[in-house]
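The values are calculated or read from the model by the stated rules, or taken from the named source; none is laboratory data. Computed from a predicted structure; not experimentally measured. Methodologically, a virtual Cβ is constructed for each residue, glycine included, from the backbone with ideal geometry; neighbour enumeration extends over all protein chains shown.
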Amino acid sequence: MTAPAMVNLTIEGRPVSVPAGTSILEAAKAAGVLIPHYCYHPGLPVAGVCRMCLVDVEKAPKLMPSCATTVAEGQVVRVHDDKSLEARKGVLEMLLINHPLDCPICDQSGECELQDYTFQEGRADSRYREPKRFNPVEDFGGDVLYVPNRCILCTRCVRFMDDVQQESALCVAERGDRAVIAKAPDADLTQAWAGNVVDLCPVGALLSKDFLNKARAWELDRAPSICTGCSQGCNVTLETRDNAVVRIKPRGNPDVNAFFICDEGRLNYRWMNRQDRCLAPTAAGTECHWDAAVAAAASALNGKRAHIVANASLGNEAFFLLGVLAKKTGGSVRFTVPQGPEALLPGVEDLALRADRAANAYGAELLGASRADDPYRGLGAGDTLVLVDVDPASVPAGALAAAGRVVYLGTVVAAGVKAAAVLPIANIAEHDGTVTNLRGHVQRYFQARPAPGHARPAWSAVADLLIALKGEANFLTAADAFAAMAKAHAAFAGMTFDQLGTRGAAAAGATAGAGR
Amino acid sequence: MSAHGTAPYEAVFVGKRKADLDAILLRYPNKQAALLPALWIVQEVQGWVSEEGMAEVAKCLDLTPAYVKGVVTFYTMYHQHPVGKHFIQVCTTSPCLCAGADKVTEAFLKHTGCNELGVTSPDGKYTVIEVECLGACGFATPVQINADTIENVTADKVPQILAGLK
């Protein structure tokens with residue numbers, strides 16, 4: 001395939017060169033100029049209905065909608081000239097005619113494009129003196145609430161349902177100032193990916209019921225992370241308030257999830273805030289110093305075969321070091337993958353809620369762990385069972401009885417597990433690391449809040465164990481552990497934390513489709 | 001039909017009406033273009049366009065019910081609720097208003113028993129609404145009852161007009 005011809009133009013006095021066929025709006029982004037817009041979204045078909053992105057193009061008789069105008073050689077575009085500003089001011093004044101201006105009680109406040117652009121370049125006051133139109137709030141089903149008074153009818157939600165989810169559930173009903181977004185007869189927004197309309201909505205018209213009245217946008221701390229809901233590995237942002245995860249938002253990544261996440265992933269965060277967390281290390285059931293617990297675990301492992309059962313959502317670093325531990329003791333690492341129904345997002349290539357409901361099954365296999373329906377099979381009488389972030393309720397009593405000793409590395413308290421040593425570990429919100437999705441895309445997740453009590457990342461706990469067993473695992477950070485892994489495993493050869501960044505990279509020899 | 005959807009929905013496009021629709025489809029380059037005439041047929045048969053009606057039209061024309069709903073609600077002449085057997089539209093735009101259209105409207109509301117604009121009379125026979133210009137300003141006040149237009153209507157002619165309706 002030959003590269004498309006490049007077109008040179010000037011936007012706000014900045015020369016920029018973009019492939020032919022690019023819209024002026026996207027070209028301006030490349031030049032570092034944000035053209036205000038509502039109806040345009042890079043993940044949706046262009047509609048050109050909001051008239052917000054009008055810009056002055058030299059030699060054009062009138063202002064052009066930059067989302068729907070492609071670049072041309074030698075074009076001179078002005079975004080912030082008087083003419084364009086006047087047009088946008090007019091659009092904003094019109095949009096605010098029936099807008100309730102209830103920002104103080106609106107969930108979108110602080111992350112609202114209507115608020116931002118009005119503040120940036122709108123009129124200071126309104127000339128409209130008539131009563132405003134009123135429509136009641138409507139429950140759209142699923143996680144979505146519709147507040148029609150705030151709606152600016154950009155139709156992003158309608159286009160998402162029509163063209164991306166491809167199950168038409170929404171339409172623009174009525175016309176003129178009576179127009180609202182309406183559900184189709186007998187339809188609602190319970191489709192697997194429908195919750196994305198909440199993120200797409202540039203204003204506070206479509207709200208998440210789950211997040212309703214929970215926090216203001218400016219109170220939240222945000223950290224890039226990876227959804228552990230399935231093996232797709234969608235990029236997300238964990239949003240925390242007072243160190244509790246209160247919302248998950250999708251984070252754009254063209255290699256993995258475009259701009260979207262499914263509702264199951266979006267709403268699956270409460271486990272991160274569990275209150276029954278394992279806070280202190282123990283040795284033989286008594287709380288003790290971290291090092292004492294590590295020593296107890298090491299003596300339980302010394303000379304024994306380690307039968308390691310790990311959570312398939314653990315990071316690559318943890319699986320790497322568990323593999324080293326297994327090799328050292330002549331044991332093995334096994335994991336089981338919870339299953340669920342698959343749900344495709346038809347409008348995006350190779351994006352689905354996958355049947356494998358764990359984040360790192362592919363990475364675990366690359367690192368020598370093996371997938372098993374019953375990970376406790378083959379547990380010998382003299383073996384030491386090492387449980388790493390496994391739901392304590394899922395461990396069969398028979399396995400606990402069969403094992404010589406149990407070492408428990410967990411995020412939650414395991415009352416029923418009589419362990420020789422317990423090491424509390426951090427969950428995905430509380431440490432840095434990487435996971436590998438089903439197409440072999442290696443991606444980083446970042447710490448969103450501190451770990452509770454004495455909990456440490458799983459890789460760090462395992463590294464301590466290895467050191468106690470006279471192994472070499474002297475890592476200060478997840479990046480160090482990752483570097484050692486990149487040296488030891490060809491699939492990760494040459495990768496570094498810095499190079500992965502927030503976009504990730506494909507593992508060597510990754511299955512077809514990874515390089516999409 | 002007196003209430004919303006109490007009777008089971010009967011398909012509109014069967015037999016002759018299916019043939020009618022097929023004949024209409026021949027006039028257009030694609031199926032979507034026949035949406036408005038198809039909706040007219042539904043309204044003619046059922047008196048209004050119900051959600052089931054929208055769904056049936058959508059199916060016949062390979063559209064989504066959401067799209068059809070958008071079109072039905074866009075236009076004011078498709079009824080989204082059942083209306084009386086005689087749908088009475090009184091022009092109340094400026095010239096007619098000067099000629100006493102408000103009195104005509106009042107007379108219709110009184111003599112039909114509707115009492116309120118847009119509300120169907122208890123016997124289910126009449127619905128009265130105001131409309132914008134019917135294009136007969138020289139013959140104020142024009143009144144359109146279903147497909148027929150009557151000109152030069154005054155308040156005292158209303159009982160006689162109603163008596164003439166079958």
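Using the structure shown, decide if A:VAL57 is touching a residue at least 40 places away in the same chain (Cβ under 8 Å) and more than 24 Å from A:CYS201 (Cα to Cα). Against the criterion (touching a residue at least 40 places away in the same chain (Cβ under 8 Å) and more than 24 Å from A:CYS201 (Cα to Cα)), A:VAL57 does not qualify. Residues in the stretch A:490-512 that are in a loop (DSSP other than H, G, I, E, B) and touching a residue at least 60 places away in the same chain (Cβ under 8 Å): A:THR502, A:ARG503, A:GLY504, A:ALA507, A:GLY509, A:ALA510, A:THR511. Quick check on the stretch A:223-233. Is at least one of its residues out of contact with any Leu (no Cβ under 7 Å at 6 or more places or on another chain) and closer than 30 Å to A:ASN149 by Cα? No, every residue in the stretch A:223-233 fails to be out of contact with any Leu (no Cβ under 7 Å at 6 or more places or on another chain) and closer than 30 Å to A:ASN149 by Cα.
Any chance you could count how many residues in the stretch A:175-194 are modelled with pLDDT of 95 or more and farther than 15 Å from A:GLU138 by Cα? Final tally of qualifying residues: 4.
Against the conditions (1) more than 21 Å from the chain's Cα centre (by Cα); (2) in contact (Cβ under 8 Å) with a residue 40 or more places away in the chain; (3) under 19 Å from A:LEU325 (Cβ atoms), A:LYS487 satisfies every one except (2).
Got a sec? Which of A:VAL158, A:VAL172 is among the aliphatic types (A, V, I, L, M), within 14 Å of chain B (Cβ to nearest Cβ) and over 26 Å from the mean Cα position of the chain (by Cα)? Full working, then the answer.
On the way: A:VAL158 fails: over 26 Å from the mean Cα position of the chain (by Cα).
After ruling out the rest, the residue left standing is A:VAL172.
Among the residues making up the stretch A:332-351, those that are in a strand (DSSP E or B) and buried (at least 19 other Cβ atoms within 10 Å of the Cβ) are A:SER332, A:VAL333, A:ARG334, A:PHE335, A:THR336.
Can you say whether A:GLN232 is more than 12 Å from chain B (Cβ to nearest Cβ) and not hydrophobic (A, V, I, L, M, F, W, C), as far as the supplied structure shows? Yes: the conditions hold for A:GLN232.
Counting the residues of the stretch B:15-68 that are away from every other protein chain (no Cβ under 13 Å) and not in a helix (DSSP H, G or I) gives 9.
Which residue is surrounded by the fewest Cβ atoms within 10 Å (Cβ to Cβ), if the candidates are limited to the stretch B:69-78 and must be more than 7 Å from chain A (Cβ to nearest Cβ) and outside any loop (DSSP other than H, G, I, E, B)?
The initial filter retains those residues of the stretch B:69-78 that are more than 7 Å from chain A (Cβ to nearest Cβ), namely B:71-72, B:75-78.
Keeping just the survivors that are outside any loop (DSSP other than H, G, I, E, B) gives B:71-72.
On the way: B:VAL71: 19, B:VAL72: 26.
If we take residues in the stretch B:69-78 being more than 7 Å from chain A (Cβ to nearest Cβ) and outside any loop (DSSP other than H, G, I, E, B), then B:VAL71 is surrounded by the fewest Cβ atoms within 10 Å (Cβ to Cβ).
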